[in-house]
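To start, the structure itself, in structure tokens.
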Amino acid sequence: MLAGAILPPAGDATPEEELIRWILLIAASLIAFGVGYYTTAPIGSRFSKYRVAPETILLAPRMGMIIGVSTILISVLLAPFSTDVFEGIICPCNWTEDFHNQYTTMSILVAYSPMKYIIWVGFNTVAFLAMITGFLGFHRWWNNPVFASPGKRIVLIIWLLLTFTLAFSISADLMFSRHFDRSLHILLGYFFFVSTALGALFGHPLIHWESSSRRENGLPVSENGVKWSFVAMLTCFLLSLWYLDMYELQIVSPMILESRTEGTLAISEHLLIIAQLTWLGSLSTVFLATLQSDEEE
């Protein structure tokens, strides 16, 4: 445990309690997967009647960014005013008194109201929009001649799997929260952070390859969207290395910080999530810039 930090109890659920939540999580994920598949169905497919208008569905990545960042900011701003009690422990998030020991992560805030309601609704919505984004990218790039080579298709498949892993692990982390089952929460958290770190790293090359091809053919390209994607990807990758070093390796961070505290770990986590969400938002800018020419084709 981090020195001086006051954290809520670490849960240890029974196998029966875990099974019930696994059933609920898998059922909800399958429903979300089906809805996502139908609403993004390509034109001409047998499910295209369920398809949402491109002008609307292509905003899904940007909405995921806005909702996710807003969820973090609102939860952080509300936490100092929380007096909710979880199993006898008052919310330890009044960091106006002590930032380093009381500024804390989403996985701890989700134990207390009103933040737990905001975080549950906000991040489950982000998970669904991330899944939608995976479908959008796959439909857009799989049949594109630019991605006909085996290498580029492998990158696309890896990115799709990482995006779906990100969507599932967000909901799983909330379902198996720290105060419910700490060990399972940490295990699922690794899936979340790996998919967060690598999602943008594998996703930006897809944008780069498509944009380069469109420039060569004289087709519209969102230069701002491509730059946005690159900067967000680079930031996300660097923050992932920083968070990994703070949480596990302890090689570089001790040279910069005197000690690792709950506050510094939490702010690093929040910045990493925001960087990934920012990259996600860049996709809407890239996709919408080519909408008219894609429809003409």
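The values are calculated or read from the model by the stated rules, or taken from the named source; none is laboratory data. All values reported here derive from a predicted model rather than from experimental measurement. Heads up, the Cβs are rebuilt from the backbone with ideal geometry, glycines too, and the neighbour counts pull from every protein chain shown.
Taking first residues from region 134-149 that are closer than 15 Å to ILE43 by Cβ and partners that are of a type in the set (Phe, Trp, Tyr), the Cβ contacts under 8 Å between residues at least 6 apart in sequence or on separate chains come to PHE135/TYR37; LEU136/PHE287; ARG140/PHE287. Number of residues in region 144-177 that are within 19 Å of ILE118 (Cα to Cα), of a type in the set (S, T, N, Q) and not in a helix (DSSP H, G or I) equals 1. Scanning region 237-269 for residues that are of a type outside the set (A, V, I, L, M, F, W, C) and touching a residue at least 60 places away in the same chain (Cβ under 8 Å), which turns out surrounded by the most Cβ atoms within 10 Å (Cβ to Cβ)? Only one residue fits best here, namely GLU262. For region 85-107, the criterion of being touching a residue at least 24 places away in the same chain (Cβ under 8 Å) and under 17 Å from LEU136 (Cα atoms) is satisfied by no residue at all. Scanning region 18-64 for residues that are of a type in the set (S, T, N, Q), touching a residue at least 12 places away in the same chain (Cβ under 8 Å) and not in a helix (DSSP H, G or I) yields a single hit, THR40. Restricting ASP245, ASP181 to residues that are touching a Gly at 6+ places or on another chain (Cβ under 8 Å) and not aliphatic (A, V, I, L, M) narrows the list to ASP181. Scanning region 57-88 for residues that are over 16 Å from THR104 (Cβ atoms) and at pLDDT 90 or above yields a total of 14. For first residues located in region 218-236 and under 15 Å from LEU206 (Cα atoms), partners that are basic (Lys, Arg) and lie 6+ apart or on another chain with Cβ distances below 8 Å form the pairs VAL221/ARG214; VAL221/ARG215. When region 143-187 is filtered for residues that are within 17 Å of the chain's Cα centre (by Cα), surrounded by fewer than 19 Cβ atoms within 10 Å (Cβ to Cβ) and within 22 Å of LEU24 (Cβ to Cβ), the ones remaining, listed by number, are ILE186, LEU187.
When restricted to residues that are part of a helix (DSSP H, G or I), closer than 16 Å to PHE176 by Cα and not β-branched (Val, Ile, Thr), region 107-142 contains 8. For region 235-249, taking the residues that are over 15 Å from the mean Cα position of the chain (by Cα) and not charged (D, E, K, R), the one that is nearest to THR278 (Cα to Cα) is identified as LEU238.
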